[in-house]
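Please read the structure below before turning to the comments.
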Amino acid sequence: MGQAGCKGLSQSLFDYKTEKYVIAKNKKVGLLYRLLQVSILTYLVVWVFLVKKGYQDTDTSLQSSIVTKVKGVTFTNTSELGERLWDVADYVIPPQGENVFFVVTNLIVTPNQRQDTCAESESIPDAWCYTDRDCPPGEPVVAGNGVKTGRCLRVGSMQRGTCEIFAWCPVETKSRPAKPLLGKAEDFTVYIKNFIRFPKFNFSKTNVLDTKDRAFLKSCQFGPKNPYCPIFRLGSVVSWTGSNFQEIALQGGVIGIQIEWDCDLDKAPSECNPHYSFSRLDNKFSENSISSGYNFRFAKYYRDGAGVEFRTLMKAYGIRFDVMVNGKAGKFSIIPTIINIGSGVALMGAGAFFCDLVLIYFIKKSHFYRDKKYEEVRILRVLPGLAESSQQGGTPEAEDAEQPEARHGGGSQKGNGCTRLQGEDLRMSLAETA
């Protein structure tokens, strides 16, 4: 038995099994199968290959560099600063252009501050006091401007006063101007130069027109007809986000400039073009909301004739511009093409499987098709008494202890549909008689 089993196993290794098909002439299931095939084929050709370009290898590891330069001048005349001309060095922070830059549009100026003792601002709750004990010396004022000295300063006969502090005096007390100081900044321009590189394909490009005309950048301005002119008017950038420049200049805000590169490297390099989009990134609250706007403080330091240091404190309101770059590049590759075609073939098989379920479970004559699709094999066992008599009598039927019986359901109808009959190679070993 052992040798016979090993011999049968070794012989079966060289057998070839093929599929046997049952053609079911059912128009409804046949129509369903064709519809599934057409849908899968349409999805594969239109969506996978034409829209998503599934035949390409992609590179999303974009390497990018941004250079920005703002141009423009304006003139102001205020009581704190007097007559003053503002240029790029005054209103652009940081002065070296990067992917994030800030343009000052409004200011609160506190000039001639020196380190001395003075009363804290009344707008600071931690500085309120009624007696000197409310101002312990050396304790910093929370959200304030200096360190308490131990004295409570009151004006006239008022019971409540403010703590005296050691700080840069006088402290900032003025409110935001009603009109933006640099309202004409909307006519300033910004030059945004972007270098990009896709390392997988060793492809590089820039958003500036490749020309030898030195006057090009001095005369052009970005627009639908000039996508390779990187000169943007600030007022236009803000308006493209749906905001008003004068409103955002009053209390500040954040503007996003998005540069998108979507390059099909199967085409000419000139077809790889930048696409710009503009949006306001900060939440636009009501005018009186404490969360509205964007501002920060900075100071400019000086020394008088006696060598004593003093400064001019500026609370700057303005527009912060964030330049963001992303993109991808694609190029034909045989590997993703084969993978996507294989996925489509697998979906075709899933369609056939769905039709099989409908055919053998959900239609009226499902039992008929089920009998045609599957063969039922049973093992007939000989009773012990019959086996003994067969040994004594030596009848030919007693030679086999077990006989396979195969039941084929239905007749020999032919059909046309989407079902399969898996042919099975049945081998039954005959039991040897004692």
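Some observations on this one:
- Of interest is the spacing of the C-alpha centroids, which for region 292-357 and region 32-75 amounts to 16 Å.
- Estimated at 0.36 nm per residue, the fully extended path between ALA346 and ARG297 surpasses their Cα-Cα distance by 11.3 nm.
- Each of ASN283 and LEU62 was given a label point 7 Å from its Cα along the Cα-to-Cβ line. The distance between the two points is 2.8 nm.
- Exceeding the 31 Å Cα-Cα cut-off - candidates LYS225/LYS331; LYS17/LYS52; LYS69/LYS225; LYS193/LYS267: LYS17/LYS52
- Per residue, in Å², the accessible surface of region 1-133 once ligands and nucleic acids are set aside, probe 1.4 Å: 67 Å²
- Neighbours of SER121 by Cβ distance under 11 Å: Lys/Arg scored +1, Asp/Glu scored -1, total -3.
- With distances taken between every two different alpha-carbon atoms, region 224-328 has a Kirkwood hydrodynamic radius of 17.0 Å.
- Note on ASP126 and LEU217: with the Förster distance fixed at 51 Å, the Cβ-Cβ geometry gives a FRET efficiency of about 0.45.
- Convex hull per residue volume in Å³, alpha carbons only, for region 70-138: 174 Å³
- Here the gap between LYS53 and SER236, fully extended at 0.36 nm per residue and compared with their Cα-Cα distance, gives a gain of 62.4 nm.
- Zone residues, region 101-144, relative to MET158, backbone N less than 16 Å from point 7 Å out along Cα-to-Cβ: 118-132
- Region 215-262: Cα Rg divided by the 2.2 N^0.38 Å rule of thumb: 1.33
- Taking 7 Å steps out from each Cα toward its Cβ at ASN273 and ASN202 produces label points 2.9 nm apart.
- Cα gyration tensor shape for region 1-135, rounded if a/c is under 1.5, else prolate or oblate: prolate
- Accessible area (Å², per residue) of region 147-300, counting only protein heavy atoms and a probe of 1.4 Å: 57 Å²
- Taking every alpha-carbon pair under 8 Å whose residues sit at least 6 apart, region 113-160 reaches a relative contact order of 32 percent.
- Cα-based shape type of region 152-298, given that a ≥ b ≥ c are square roots of the gyration tensor eigenvalues and the cut on a/c is 1.5: prolate
- Gained length - GLU260 relative to LYS28, 0.36 nm times residue gap less alpha-carbon distance: 78.6 nm
- Formal net charge of residues neighbouring GLU164 (Cβ-Cβ distance under 15 Å; K, R +1; D, E -1): -2
- Globularity index of region 185-251 is 1.39 (Cα radius of gyration / 2.2 N^0.38 Å, N = number of residues).
- Sequence-distant lysines (8 or more away, or on other chains) whose Cα lies within less than 21 Å of LYS27: LYS364, LYS365, LYS372, LYS373, LYS414
The values are calculated or read from the model by the stated rules, or taken from the named source; none is laboratory data. This structure is a prediction, so every number in the text was calculated from the model and none was measured. Cβ sites come from the backbone with ideal geometry, for glycine too, and all protein chains shown count toward neighbours. Note: accessible area is taken over every heavy atom of the protein model, side chains too, but ligands, DNA and RNA are not part of it. Shrake-Rupley method; radii C 1.70, N 1.55, O 1.52, S 1.80 Å.
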